[in-house]
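Input: a single structure, listed below in structure tokens.
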Ligand SMILES: Nc1ncnc2c1ncn2[C@@H]1O[C@H](COP(=O)(O)OP(=O)(O)OP(=O)(O)O)[C@@H](O)[C@H]1O
Ligand SMILES: [Mg+2]
């Protein structure tokens, strides 16, 4: 059974194609991670699931309900924690939660009980009666999470829930999400953090240009990629000429599939090899050419490698691009009705 | 944590549509009033501005020759009705602002992902809020006017005043809410409010009767919705109420008290019909 089924979603904003035939199935009870660079279409996808926008074409089924025909039913089953936290600065956190409870038509008694429960759970007691305007990013995020959980949704959708948070808040949120999963909630979250998806998700998809370009469990994806990773430095800070020379030497070693020069890391070499058996051969080759080994590490493929393979760039590049191009004010303007 | 966060079987069941609409409208209205209580400056400004009009303008003409105005009323008493209506008008003109801010800051999205029984609740809340505020502001002005010796309309008159203001406030609120969804941002909305405010005041019978005006301005004043609200209220202040008599000598003809109220009613209904497709689309 799937909690969320998206079929061939298309969505354009003028000439910009935000979604281009996106198909995604989120199994019931899973914690599903959506990974993708800036502008890949993650937020658009989640907005469609939450009935905030309608796709130009395609099918959206949430909790077995056709979201395009019966959006209000979907809204009752769903909690949504948006990317840009919209909070009323003048209200206190408690007042905001009360409002939210009324919008979901909770009976007065349950509402109060549920709110105190969440205040305890998310450790908000010390500041929940202060105005939201004075909250830190982590506090806001927690209030937002609480308001998404207030009506005990079967499905919780989170758009980059820990972006910009300190490590402590982040791990508190991670812990909560895992607890929710244990209790049977289906979670779908988008993220820029590989680590987040790697730690939390049991299923994931990589989205690029409005399409799913890879999906499966993180382990499956890593295994499918195959090969081991070797990072090599012949001296602490090498240069372009030397690293080119070493690359020439190593590409022909048995079992070496690929050698990439990583300029950002002092011209270190990133190799993909068939298996550990290649390591002695590499050492031998370097020794023959009178080259030292300053550092050499060996690892299984990481999600970063999966990401690189799928999108053609490392997450670091994507992140740098993101911080340069991101304009949150503009984004919230974009989401205006 | 031992408490279960999710009990799939105990999902809230569908309640009665009507009680759900009441619950959500009530919550949204309460939010607006909480905001107002914590930021009362707009409310105070909305009372202070007309008070200044009343005091300064009243003083400006206090030595005007007797019999200057039709019916021989004093200028202060004449002005009172105009300022009351202007207060309600400029209050209602602001109705769209909270909605616009919610659009801009994304709070509206929070409302739209919730399973509201009717998204009209968002509109209802704004109407209830702004109507209450406008009427309160107008009452404050009426009370001050009576302290200044400009009269008090009595109980029947008070009902007529409230009814007239209610019609005007509904109409202007509809207009402002429509603008809040049609315009791109609060800067534009504030610009429209700012620009609309004074011309509507001057091109009405709030400050002077039509007989004082050049004919082009007389025409404008006789078409201005404010005028249709001012005249019945002025009549309520003038003494025993008779809505059957002619209250407005417009260039295009004579309009009775009933006529004035009828025009306001048509305007209100018309504006709500006009903006309703826009609201439906934006809140769909
Ligand atoms: N309301 C809008 N108007 C115009 N273009 C939009 C709008 N919303 C999204 N887009 C465009 O659609 C594309 C997908 O955007 P979306 O917000 O879904 O990406 P994303 O994966 O969430 O990105 P990010 O990681 O930055 O949050 C982008 O090119 C974006 O500029
Ligand atoms: Mg996004």
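Please treat every number below as a calculation from the coordinates, not as lab data. These figures come from a predicted structure and were not determined experimentally. Please note: Cβ atoms are built from the backbone with ideal geometry, for glycine as well, and neighbour counts cover all protein chains shown.
Report the normalised scattering of region B:75-220 as log10 I(q)/I(0) at q = 0.10, 0.20 Å⁻¹, calculated by the Debye formula with identical scatterers on the alpha carbons.
Cα-only, vacuum Debye calculation for region B:75-220: -0.42, -1.20.
Compute the long axis of helix B:225-238 from its Cα atoms, compare it with the longest principal axis of the Cα atoms of chain B, and write down the angle in degrees, 0 to 90, nearest 10.
60 degrees
Mind pulling the angle between the C-alpha long axis of helix A:278-288 and the longest principal axis of chain A? Nearest 10 degrees, somewhere in 0 to 90.
Orientation of helix A:278-288: about 40 degrees from the principal axis.
Restricting to DSSP H runs of at least four residues, report the calculated mean residue ellipticity at 222 nm for chain A, -39500 (n - 2.57) per run over all residues, nearest 500 deg cm²/dmol.
About -12000 deg cm²/dmol.
Order of B:164, B:132 from fewest to most other C-beta atoms within 10 Å?
B:132, B:164
Can you pull the percent of Cα pairs in region A:188-279 with separation above 15 Å?
Percentage above 15 Å: 67.
Which of the peptides A:153-159, A:112-118, B:242-248 is most tightly packed, and how do the rest follow, going by the mean number of other Cβ atoms within 10 Å of each residue?
Per-residue mean Cβ counts within 10 Å order the peptides as A:153-159, A:112-118, B:242-248.
Report, in degrees rounded to the nearest 10, the 0 to 90 angle that the Cα long axis of helix B:75-93 makes with the longest principal axis of chain B.
Around 20 degrees separate the two axes.
Which Rg and Dmax, in Å, describe the Cα atoms of region B:136-220?
That works out to 16.2, 45 Å for Rg and Dmax.
Please compute P(r) over all alpha-carbon pairs of region B:27-103, binned at 5 Å starting from zero, and give each bin as a whole-number percent.
Spelled out per bin, shortest first, that is 3, 13, 19, 18, 13, 10, 8, 6, 5, 3, 1.
What is the log10 of I(q)/I(0) for chain A, computed with the Debye formula using one identical point scatterer on each Cα and no solvent, at q = 0.10 Å⁻¹?
-0.68
Tell me, what is the Rg over Rh of region B:2-282, with Rh the Kirkwood radius over Cα pairs?
On the Cα set of region B:2-282, Rg over Rh gives 1.05.
If neighbour count is taken as other Cβ atoms inside 10 Å, put B:20, B:231 in order from fewest to most.
B:20, B:231
Averaging sequence separations of C-alpha pairs under 8 Å and six or more residues apart, then dividing by the length of region B:230-278, give the relative contact order as a whole percent.
27 percent
In Å, what is the Rg of the alpha-carbon atoms in region A:227-300, and how long is Dmax?
Cα-based Rg and Dmax for region A:227-300 come out at 10.9, 28 Å.
Return the Rg/Rh ratio of region A:149-196 with Cα-based radii and a Kirkwood Rh.
Reported Rg/Rh (Cα atoms, Kirkwood Rh): 0.96.
If you line up the Cα atoms of the protein assembly as shown on their principal axes, what length do they span on each, largest first, in Å?
Projected onto the principal axes, the Cα atoms of the protein assembly as shown cover 117, 56, 46 Å.
Taking every residue in A:180-191, how many Cβ atoms of other protein chains lie within 10 Å of its Cβ, on average?
2
Taking the highest mean first, how do the peptides A:288-295, B:110-117 order by number of other beta carbon atoms within 10 angstrom per residue?
Order by mean packing, descending: B:110-117, A:288-295.
Output the relative contact order of chain A, whole-number percent, from Cα pairs under 8 angstrom with separation of 6+ residues.
19 percent
How big is the shadow of the Cα convex hull of region B:172-284, averaged over all directions, in nm²?
8.2 nm²
Counting helices only, and only those DSSP H runs with n ≥ 4, report the 222 nm mean residue ellipticity of chain B as the sum of -39,500 (n - 2.57) divided by its residues, in deg cm²/dmol to the nearest 500.
-24000 deg cm²/dmol, from helical runs alone.
How do A:1, A:139, A:10 line up, fewest other C-beta atoms within 10 Å first?
Going from least to most buried by this count: A:1, A:10, A:139.
Over the whole of A:93-104, what's the average partner chain Cβ count within 10 Å per residue? Rounded to a whole number, please.
What the average comes to for A:93-104 is 5.
Once you have the Kirkwood Rh of region A:23-130 from its Cα pairs, apply Stokes-Einstein at 10 °C and 1.306 mPa s and quote D in µm²/s.
97 µm²/s
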